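The block underneath contains the structure these notes are about, expressed in C-alpha coordinates.
The values are calculated or read from the model by the stated rules, or taken from the named source; none is laboratory data. Model, not experiment: these values are computed from the prediction. Note that each Cβ is placed from the backbone with ideal geometry, even for glycine, and that neighbours are counted across all protein chains shown. For accessibility, only protein heavy atoms count, side chains too; no ligands or nucleic acids. Shrake-Rupley method; radii C 1.70, N 1.55, O 1.52, S 1.80 Å.
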Amino acid sequence: MKRLYGSILLLWLVSLSVHAQKSFILQHQPKNGFFSVSSGVSLPTGKFGLCSTRDEEAGLAKQGTMASISAGYRVAGPVGLMVRYEIFRNRVHEEALLDGVYRINGDTWTANAGFWAITSLTAGPYVNIPMGRWTIQARATLGQASGICPSTSLKGRFMDIPMAIETSEVRSTARSYNGGLTLRYRLGRSTALQFNTDYSRADFTFSDMKTVTSTGLGRGQTSLMTSVKPISVVSVSAGLTVLFGNRSRVF
(Lines give C-alpha, C1' and ligand atoms only; values in the text may rest on other atoms or scores of the structure.)
Protein backbone atom coordinates (compact mmCIF):
# COMPACT_ATOMS: atom_id res chain seq x y z
CA MET A 1 0.00 0.00 0.00
CA LYS A 2 2.85 2.38 0.83
CA ARG A 3 4.40 1.64 -2.56
CA LEU A 4 1.07 2.43 -4.23
CA TYR A 5 0.76 5.75 -2.43
CA GLY A 6 4.40 6.49 -3.21
CA SER A 7 3.86 5.75 -6.90
CA ILE A 8 0.76 7.96 -7.02
CA LEU A 9 2.65 10.80 -5.32
CA LEU A 10 5.57 10.41 -7.70
CA LEU A 11 3.27 10.46 -10.73
CA TRP A 12 1.54 13.58 -9.39
CA LEU A 13 4.86 15.36 -8.86
CA VAL A 14 6.05 14.39 -12.35
CA SER A 15 2.75 15.61 -13.80
CA LEU A 16 3.14 18.94 -12.01
CA SER A 17 6.71 19.25 -13.25
CA VAL A 18 5.73 18.49 -16.86
CA HIS A 19 2.82 20.95 -16.68
CA ALA A 20 5.07 23.66 -15.24
CA GLN A 21 7.70 23.07 -17.93
CA LYS A 22 5.04 23.12 -20.66
CA SER A 23 3.54 26.32 -19.28
CA PHE A 24 6.99 27.92 -19.04
CA ILE A 25 7.83 27.00 -22.64
CA LEU A 26 4.50 28.25 -23.98
CA GLN A 27 4.81 31.53 -22.07
CA HIS A 28 8.24 32.15 -23.62
CA GLN A 29 7.57 30.73 -27.07
CA PRO A 30 7.86 33.44 -29.75
CA LYS A 31 4.66 34.44 -31.52
CA ASN A 32 4.38 35.52 -35.13
CA GLY A 33 1.61 38.09 -34.86
CA PHE A 34 0.25 40.73 -32.52
CA PHE A 35 -2.75 43.01 -32.05
CA SER A 36 -2.44 45.92 -29.64
CA VAL A 37 -4.44 48.84 -28.24
CA SER A 38 -2.84 51.81 -26.46
CA SER A 39 -3.68 55.27 -25.15
CA GLY A 40 -1.68 58.12 -23.67
CA VAL A 41 -0.64 61.74 -24.14
CA SER A 42 0.41 63.66 -27.27
CA LEU A 43 3.04 66.38 -26.88
CA PRO A 44 3.17 68.94 -29.72
CA THR A 45 6.62 69.59 -31.14
CA GLY A 46 8.11 72.11 -33.54
CA LYS A 47 5.81 74.72 -34.99
CA PHE A 48 2.73 72.72 -34.01
CA GLY A 49 3.39 73.68 -30.39
CA LEU A 50 4.63 77.19 -31.16
CA CYS A 51 2.47 79.81 -29.39
CA SER A 52 2.99 82.82 -31.65
CA THR A 53 0.43 84.27 -34.03
CA ARG A 54 3.27 86.06 -35.81
CA ASP A 55 4.30 82.75 -37.41
CA GLU A 56 1.67 81.62 -39.93
CA GLU A 57 2.69 77.97 -39.51
CA ALA A 58 2.32 77.98 -35.71
CA GLY A 59 -0.26 75.53 -34.40
CA LEU A 60 -0.70 77.00 -30.88
CA ALA A 61 -1.35 73.44 -29.69
CA LYS A 62 -1.49 72.29 -26.08
CA GLN A 63 -0.66 68.87 -24.66
CA GLY A 64 -3.41 66.47 -25.66
CA THR A 65 -4.47 62.84 -25.76
CA MET A 66 -3.95 60.00 -28.21
CA ALA A 67 -5.03 56.44 -28.89
CA SER A 68 -3.73 53.82 -31.29
CA ILE A 69 -4.58 50.39 -32.67
CA SER A 70 -1.94 48.32 -34.42
CA ALA A 71 -1.51 44.82 -35.81
CA GLY A 72 1.44 43.04 -37.35
CA TYR A 73 2.87 39.71 -38.48
CA ARG A 74 6.44 38.54 -38.81
CA VAL A 75 7.50 37.64 -42.33
CA ALA A 76 11.24 36.92 -42.01
CA GLY A 77 13.02 36.24 -38.73
CA PRO A 78 12.53 39.23 -36.41
CA VAL A 79 11.22 41.44 -39.24
CA GLY A 80 7.51 41.89 -39.84
CA LEU A 81 4.93 44.16 -41.44
CA MET A 82 2.35 46.14 -39.51
CA VAL A 83 -0.54 48.59 -39.86
CA ARG A 84 -1.22 51.36 -37.34
CA TYR A 85 -4.22 53.62 -36.76
CA GLU A 86 -3.75 56.70 -34.56
CA ILE A 87 -5.96 59.47 -33.20
CA PHE A 88 -4.65 62.73 -31.71
CA ARG A 89 -6.60 65.49 -29.96
CA ASN A 90 -4.88 68.74 -28.95
CA ARG A 91 -6.62 71.88 -27.78
CA VAL A 92 -5.51 75.37 -28.83
CA HIS A 93 -3.83 77.87 -26.50
CA GLU A 94 -6.65 80.40 -26.47
CA GLU A 95 -4.52 82.99 -24.67
CA ALA A 96 -2.03 82.93 -27.54
CA LEU A 97 -4.79 83.88 -29.99
CA LEU A 98 -5.18 87.20 -28.18
CA ASP A 99 -1.53 88.11 -28.80
CA GLY A 100 -2.38 88.90 -32.41
CA VAL A 101 -5.15 91.37 -31.51
CA TYR A 102 -4.27 95.06 -31.40
CA ARG A 103 -5.55 96.45 -28.12
CA ILE A 104 -5.37 99.72 -26.29
CA ASN A 105 -5.81 100.39 -22.59
CA GLY A 106 -9.29 99.45 -21.44
CA ASP A 107 -10.04 97.04 -24.30
CA THR A 108 -11.26 93.60 -23.20
CA TRP A 109 -11.16 90.55 -25.47
CA THR A 110 -12.01 86.89 -25.04
CA ALA A 111 -10.96 83.93 -27.16
CA ASN A 112 -12.55 80.53 -27.77
CA ALA A 113 -11.20 77.68 -29.87
CA GLY A 114 -11.82 74.03 -30.63
CA PHE A 115 -9.15 71.36 -30.80
CA TRP A 116 -6.88 69.89 -33.43
CA ALA A 117 -8.11 66.44 -34.47
CA ILE A 118 -5.67 64.27 -36.41
CA THR A 119 -6.22 60.67 -37.51
CA SER A 120 -3.78 58.58 -39.51
CA LEU A 121 -3.54 55.12 -41.05
CA THR A 122 0.00 53.98 -41.77
CA ALA A 123 1.82 50.75 -42.63
CA GLY A 124 5.43 49.62 -42.69
CA PRO A 125 8.10 47.29 -41.31
CA TYR A 126 9.01 46.54 -37.71
CA VAL A 127 11.79 44.60 -35.95
CA ASN A 128 11.41 42.64 -32.71
CA ILE A 129 14.35 42.14 -30.35
CA PRO A 130 13.42 39.51 -27.70
CA MET A 131 15.04 39.50 -24.24
CA GLY A 132 13.32 36.80 -22.19
CA ARG A 133 9.88 38.03 -21.22
CA TRP A 134 10.76 41.48 -22.59
CA THR A 135 10.70 42.49 -26.24
CA ILE A 136 11.81 45.72 -27.88
CA GLN A 137 10.05 46.66 -31.10
CA ALA A 138 11.30 49.36 -33.50
CA ARG A 139 9.05 50.49 -36.35
CA ALA A 140 8.71 52.98 -39.20
CA THR A 141 5.41 53.48 -41.04
CA LEU A 142 4.04 55.66 -43.82
CA GLY A 143 0.47 56.44 -44.84
CA GLN A 144 -2.34 58.98 -44.97
CA ALA A 145 -3.58 61.42 -42.35
CA SER A 146 -6.77 63.45 -42.02
CA GLY A 147 -6.71 66.68 -40.05
CA ILE A 148 -9.21 69.19 -38.69
CA CYS A 149 -8.02 72.75 -38.14
CA PRO A 150 -10.20 74.04 -35.28
CA SER A 151 -12.56 76.98 -35.43
CA THR A 152 -11.64 80.10 -33.44
CA SER A 153 -13.59 83.06 -32.14
CA LEU A 154 -12.29 86.39 -30.84
CA LYS A 155 -14.70 88.88 -29.32
CA GLY A 156 -14.07 92.22 -27.69
CA ARG A 157 -14.23 95.97 -27.96
CA PHE A 158 -12.05 98.40 -29.85
CA MET A 159 -12.55 102.02 -28.78
CA ASP A 160 -16.00 101.10 -27.39
CA ILE A 161 -17.01 99.42 -30.65
CA PRO A 162 -17.90 95.71 -30.25
CA MET A 163 -16.00 93.46 -32.66
CA ALA A 164 -15.79 89.77 -33.49
CA ILE A 165 -13.32 87.76 -35.57
CA GLU A 166 -14.40 84.18 -36.32
CA THR A 167 -12.60 81.53 -38.34
CA SER A 168 -14.44 78.39 -39.42
CA GLU A 169 -13.27 74.78 -39.04
CA VAL A 170 -11.39 73.35 -42.06
CA ARG A 171 -10.43 69.78 -43.03
CA SER A 172 -7.52 68.48 -45.06
CA THR A 173 -5.49 65.33 -45.82
CA ALA A 174 -1.75 64.79 -46.05
CA ARG A 175 0.92 62.12 -46.10
CA SER A 176 1.78 60.88 -42.61
CA TYR A 177 5.02 59.53 -41.15
CA ASN A 178 5.51 57.59 -37.92
CA GLY A 179 8.49 56.11 -36.12
CA GLY A 180 8.54 54.60 -32.68
CA LEU A 181 9.69 52.12 -30.07
CA THR A 182 7.70 49.67 -27.94
CA LEU A 183 8.83 47.88 -24.80
CA ARG A 184 6.64 44.82 -24.32
CA TYR A 185 6.42 42.56 -21.25
CA ARG A 186 4.97 39.06 -21.67
CA LEU A 187 2.25 38.28 -19.11
CA GLY A 188 1.32 34.82 -20.33
CA ARG A 189 0.96 32.70 -23.42
CA SER A 190 -0.95 35.26 -25.47
CA THR A 191 -0.99 38.57 -23.59
CA ALA A 192 1.53 41.31 -22.89
CA LEU A 193 1.78 44.83 -21.52
CA GLN A 194 3.37 47.44 -23.74
CA PHE A 195 4.86 50.91 -23.30
CA ASN A 196 5.30 53.06 -26.38
CA THR A 197 6.91 56.26 -27.55
CA ASP A 198 6.28 57.59 -31.06
CA TYR A 199 6.98 60.54 -33.31
CA SER A 200 4.32 61.36 -35.90
CA ARG A 201 4.28 64.09 -38.55
CA ALA A 202 2.02 65.32 -41.35
CA ASP A 203 2.23 68.60 -43.31
CA PHE A 204 -1.28 69.87 -44.03
CA THR A 205 -2.48 72.55 -46.41
CA PHE A 206 -5.80 73.95 -45.25
CA SER A 207 -7.53 75.74 -48.13
CA ASP A 208 -10.50 78.12 -48.17
CA MET A 209 -10.27 79.02 -44.50
CA LYS A 210 -13.11 81.50 -43.99
CA THR A 211 -12.63 84.41 -41.61
CA VAL A 212 -15.54 86.73 -40.80
CA THR A 213 -14.83 90.09 -39.16
CA SER A 214 -17.86 91.97 -37.87
CA THR A 215 -18.53 95.07 -35.77
CA GLY A 216 -21.40 96.34 -33.69
CA LEU A 217 -22.18 98.81 -36.46
CA GLY A 218 -23.58 95.96 -38.55
CA ARG A 219 -20.78 95.82 -41.09
CA GLY A 220 -19.01 92.52 -41.74
CA GLN A 221 -16.18 91.36 -43.96
CA THR A 222 -15.44 87.80 -45.14
CA SER A 223 -12.06 86.66 -46.38
CA LEU A 224 -10.63 83.34 -47.58
CA MET A 225 -7.09 82.18 -47.04
CA THR A 226 -4.86 79.12 -47.33
CA SER A 227 -2.69 78.00 -44.43
CA VAL A 228 0.16 75.47 -44.31
CA LYS A 229 0.47 73.73 -40.93
CA PRO A 230 3.23 71.21 -40.13
CA ILE A 231 1.71 68.92 -37.49
CA SER A 232 4.18 66.93 -35.39
CA VAL A 233 3.76 65.24 -32.01
CA VAL A 234 5.67 62.98 -29.66
CA SER A 235 3.34 60.54 -27.93
CA VAL A 236 3.84 58.41 -24.82
CA SER A 237 1.34 55.61 -24.26
CA ALA A 238 0.69 52.23 -22.68
CA GLY A 239 -1.64 49.40 -23.52
CA LEU A 240 -2.34 45.71 -23.94
CA THR A 241 -1.14 43.31 -26.65
CA VAL A 242 -2.67 40.03 -27.79
CA LEU A 243 -0.14 37.62 -29.33
CA PHE A 244 -1.04 34.90 -31.81
CA GLY A 245 0.51 32.47 -34.30
CA ASN A 246 3.10 30.05 -32.88
CA ARG A 247 6.43 30.28 -34.62
CA SER A 248 6.97 26.53 -34.13
CA ARG A 249 4.56 24.10 -32.49
CA VAL A 250 6.20 22.40 -29.53
CA PHE A 251 3.17 20.44 -28.28
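Element breakdown for the stretch 132-251 at a 1.4 angstrom probe: carbon and sulfur atoms account for 58% of the accessible area. Give me the distance between the Cα centres of the stretch 125-193 and the stretch 33-65, rounded to whole Å. If you average the Cα positions of each part, the centres end up 7 Å apart.
Give the calculated FRET efficiency between S227 and W109 to the nearest 0.05, with a Förster radius of 25 Å applied to their Cβ-Cβ distance. Calculated value: 0.70.
Calculated on C-alpha atoms, the gyration radius of the stretch 31-245 divided by its Kirkwood radius gives an Rg/Rh of 1.13. Taken per residue, the accessible surface of the stretch 31-245 reaches 51 Å², heavy atoms only and a 1.4 Å probe. Extent along the principal axes, Cα only, for the stretch 45-104: 67, 18, 12 Å, with the longest axis given first.
Site pair E57 and D99 shows an inter-label distance of 1.7 nm when each label is modelled 7 Å from Cα along Cα→Cβ. Across the stretch 55-92, the residues whose backbone nitrogen lies under 13 Å from the label position 7 Å along the beta-carbon direction of V242 are 70-72.
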